[in-house]
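Following: one structure in C-alpha cells, then a few remarks.
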Amino acid sequence: PASVGLYPNMKQAIHLLIPFLIGAAIGWLAWPHAIWLAPAALVAIPVVAFRGWAGPFLLMLGYHLATTWGLIHGTAVFFPSAGLYLGLAFWAGSSLIFALPYLFYIPLFRKTRSVIGVPYAGVLTTVFLSAISTILPPLGIIGWTSPWLGAISAGWTGVLLVMLGIAYGALGRGEAAAGLAIGLTTTATLWAASLALGGAHDPVEWVGVDTNLGHLDSPLSYIEASMRLERRTMALLHQGVHVVLLPETVAGPWLAGTEAIWKPVVRWTASHKGQTVFVGTFVPHGRGYIDALVQIHNGQTQVLPDHIPVPFSMWHPWKPEGSFRMAPFSRKPEMTSVGNVRAGYLICYEQLLMWPALNLAFHRPQVLLAPANDWWARGTDIPAIQRASAKAWGAFLGMPVLFAVNR
C-alpha cells in the first residue's frame, strides 16, 4: 500500500522533471559553441505547456541554470570575501528571475487563443514572455543567454523560422517536431554558412589589443598599465594602424594624471588625422563613475559612455559612492564616427544583452567595437558566451566585430 501511494508522487515528479531536463539540455548544448540550438527552447515552450502550468517555467529555469553556471566561479573571484555562497545565490537567483515570467504562459495563452487562432496565440505569448524575461528592462539588464540570440545569428530568416517553429509547437507535439526539424536545420545551415564565409571582414588596419593584465586594483596598477599601453599604442600608430581599440577600464579613472600619460597619443593624432585610438577607462560622474571609451582623434578626446554596467559589481544603487551609472533608457546612441565609418560600441557586459544591441541596430553601425575586461571570468565559459553574443549581432547586422579583451 505504501508503494502504491508513492507511485503517483513519483510519476508527478518525473512529469515535472522532464521540461526542466529538456531546457537544461538545450542550454548546455547551445552555449557558447552552438548557439543556433538555443531557439529550440522557444519552440519547446508551447509543447511543454500541454503538460501543465509549470512546464514553461521549469523548461526556462533549466535552460538558464545550464547557461549561467559560470556565475558561481566568476562571482567568487570578484567577491573573494563572499566565497562560493554568493556565486550560488546569483546563479540560482538570476535563473529563477529569468524563468518567473513563464508562470503566466498558460493564462496568457488561453486568453489569447480565445481571440485568435492557436498558432498565432503560441507565437505571441512566447515572444511576449521571452521579451520580458531577457530583452526588456528591468529584467533585460540581467537577461543574458537569450534564446533569441541563436535565431539572430542566422539573420531575419532565422527569426522567422523560429516563429514558425513556435507556431508548429502550439499545434501539438507532432507538429512541433516537424517545425523544430525544419527551423533548426535551416538555421544551422545559415549559421554554418556565415562561419564558412567568415562574416564581415575587419576594416583594414583596425587593431584590437588583447592584454593579460589581470585584476588592476590600485591607482598605481592603473598608472603602470596606462604607461605600458601608451607605449604599445604609439608603436602601432607608428606602424600605420588606423584604429587602435584597447580593453575596457584598463586605463583606470580618467583623471588629470591619466590624461597626461596619454598626451603623446593625443598630440600624435593632431598631426595624423587618419588615426584614432579608443581607450577603455571610467570617468568620474557625481559620486561614482561612468564606464566608457575615450576616443582620441584629431588631437582631441571624446568620452563615449556605456548604458548598462554590470549590476552588483559595478552598479550598486544602494551605495552611490563608487557606483557606475546605469542608463538603459538613454537617448544617446552608443555610436561614434571614425572618418566616414559609423562605429557602434558595446562595452563588456553589454555584449551579453539584447537591449543595448537592439537600440544600436536602429542606428545602422558599420563596425561594432567590443572591448571587455574578463579577468574575473577566467576558467568559465562567460568570455566565450560574450564573444558568441557579439558575433551573433555582427552577423545579424552584417558588420565586423572588433574585440579587445583583458584577461
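Cβ-Cβ distances below 8 Å connect the following pairs, each with a first residue in region 338-352 that is at negative phi, a second residue that is in a strand (DSSP E or B) and open to solvent by 30 Å² or more (accessible area, probe 1.4 Å), and a separation of six or more residues or different chains: Val338/His297; Arg342/Met335; Ala343/Met335; Ala343/Ser337; Gly344/Met335; Tyr345/Met335. Only one of the numbered conditions (1) touching a His at 6+ places or on another chain (Cβ under 7 Å); (2) surrounded by 19 or more Cβ atoms within 10 Å (Cβ to Cβ) is not met by Ala343, and that is (1). Only residues that are within 20 Å of Phe324 (Cβ to Cβ) and among the hydroxyl-bearing types (Ser, Thr, Tyr) were counted in region 252-298, giving 3. Taking the criterion of being in a helix (DSSP H, G or I), farther than 30 Å from Arg378 by Cα and not hydrophobic (A, V, I, L, M, F, W, C), the residues of region 73-115 that qualify are Pro101, Tyr102, Tyr105, Pro107, Arg110, Lys111, Thr112, Arg113. Scanning region 41-80 for residues that are closer than 20 Å to Trp28 by Cα, among the small types (Gly, Ala, Ser) and open to solvent by 10 Å² or more (accessible area, probe 1.4 Å) gives Ala44, Ala66.
Just one residue in the set Val277, Val266, Val283 is at pLDDT 95 or above and in contact with a helix residue (DSSP H, G or I) (Cβ under 7 Å, 6 or more places away or on another chain); that residue is Val277.
Would you call Gly83 open to solvent by less than 30 Å² (accessible area, probe 1.4 Å) and over 21 Å from Thr145 (Cα atoms)? So Gly83 fits the description; yes. Within region 348-400, the residues that satisfy the criterion of being farther than 18 Å from Trp91 by Cβ and small (Gly, Ala, Ser) are Ala357, Ala361, Ala370, Ala372, Ala388, Ser389, Ala390, Ala392, Gly394, Ala395, Gly398.
When region 296-327 is filtered for residues that are among the acidic types (Asp, Glu) and open to solvent by 30 Å² or more (accessible area, probe 1.4 Å), only Glu321 remains.
Of the residues Ala66, Ala44, which single one is assigned to a helix (DSSP H, G or I) and either modelled with pLDDT under 95 or under 16 Å from Thr185 (Cβ atoms) (or both)? Please lay out each step first, then the result.
On the way: Ala66 fails: either modelled with pLDDT under 95 or under 16 Å from Thr185 (Cβ atoms) (or both).
Exactly one of Ala66, Ala44 is assigned to a helix (DSSP H, G or I) and either modelled with pLDDT under 95 or under 16 Å from Thr185 (Cβ atoms) (or both), namely Ala44.
The single condition among (1) farther than 22 Å from Trp156 by Cα; (2) in contact with a helix residue (DSSP H, G or I) (Cβ under 6 Å, 6 or more places away or on another chain); (3) not in a helix (DSSP H, G or I); (4) not aromatic (Phe, Trp, Tyr) that Ser330 does not meet is (2). The residue of region 153-194 that is farthest from Met399 (Cα to Cα), among those that are hydroxyl-bearing (Ser, Thr, Tyr) and at pLDDT below 70, is Thr186.
Considering only residues that are over 16 Å from Ala151 (Cα atoms) and assigned to a helix (DSSP H, G or I), look in region 116-127 and name the one that is most open to solvent (accessible area, probe 1.4 Å).
Step one: filter region 116-127 for residues over 16 Å from Ala151 (Cα atoms), giving 116-122, 124-125.
Keeping just the survivors that are assigned to a helix (DSSP H, G or I) gives 118-122, 124-125.
Values: Val118: 44, Pro119: 37, Tyr120: 155, Ala121: 0, Gly122: 0, Leu124: 100, Thr125: 5 Å².
Selected residue: Tyr120.
Quick check: anything in region 19-27 aliphatic (A, V, I, L, M), open to solvent by 50 Å² or more (accessible area, probe 1.4 Å) and over 15 Å from Ser95 (Cα atoms)? Please lay out each step first, then the result.
Restricting attention to region 19-27, the residues satisfying the condition of being aliphatic (A, V, I, L, M) are 21-22, 24-26.
Those still in the list that are open to solvent by 50 Å² or more (accessible area, probe 1.4 Å) too: 21-22.
Narrowing the set further to residues that are over 15 Å from Ser95 (Cα atoms) leaves 22.
Yes, region 19-27 contains at least one residue that is aliphatic (A, V, I, L, M), open to solvent by 50 Å² or more (accessible area, probe 1.4 Å) and over 15 Å from Ser95 (Cα atoms).
Restricting the first member to region 47-58 and to residues that are more than 11 Å from Leu17 (Cβ to Cβ), and the second to residues that are at pLDDT below 90 and among the basic types (Lys, Arg), the beta-carbon pairs closer than 9 Å and six or more apart or on different chains are Val47/Arg173; Phe50/Arg173. Taking region 347-386 as the range and being open to solvent by 10 Å² or more (accessible area, probe 1.4 Å), assigned to a helix (DSSP H, G or I) and charged (D, E, K, R) as the test, no residue passes. Residue count for region 296-312 under the criterion of being in contact (Cβ under 8 Å) with a residue 40 or more places away in the chain and under 16 Å from the mean Cα position of the chain (by Cα): the result is 5. Summed over region 387-400, the residues that are at pLDDT 95 or above and open to solvent by 40 Å² or more (accessible area, probe 1.4 Å) give a count of 1.
Is one or more of the residues making up region 335-346 under 16 Å from the mean Cα position of the chain (by Cα) and not in a loop (DSSP other than H, G, I, E, B)? Show your work before the answer.
First pass over region 335-346, keeping only residues under 16 Å from the mean Cα position of the chain (by Cα): 344-346.
Next, only the ones that are not in a loop (DSSP other than H, G, I, E, B) stay: 344-345.
Within region 335-346, one or more residues are under 16 Å from the mean Cα position of the chain (by Cα) and not in a loop (DSSP other than H, G, I, E, B).
Figure legend. Inter-residue proximity from region 132-160: first residues at positive phi, second residues aromatic (Phe, Trp, Tyr) and outside any helix (DSSP H, G or I), beta-carbon distance below 8 Å, spacing 6+ or different chains. Indicated pairs: Thr145/Trp31.
The values are calculated or read from the model by the stated rules, or taken from the named source; none is laboratory data. These figures come from a predicted structure and were not determined experimentally. Ideal geometry is used to build each Cβ from the backbone, glycine not excepted, and the neighbour counts take in all protein chains shown. Areas reflect the complete protein model, heavy atoms only, side chains present, ligands, DNA and RNA absent. Shrake-Rupley method; radii C 1.70, N 1.55, O 1.52, S 1.80 Å.
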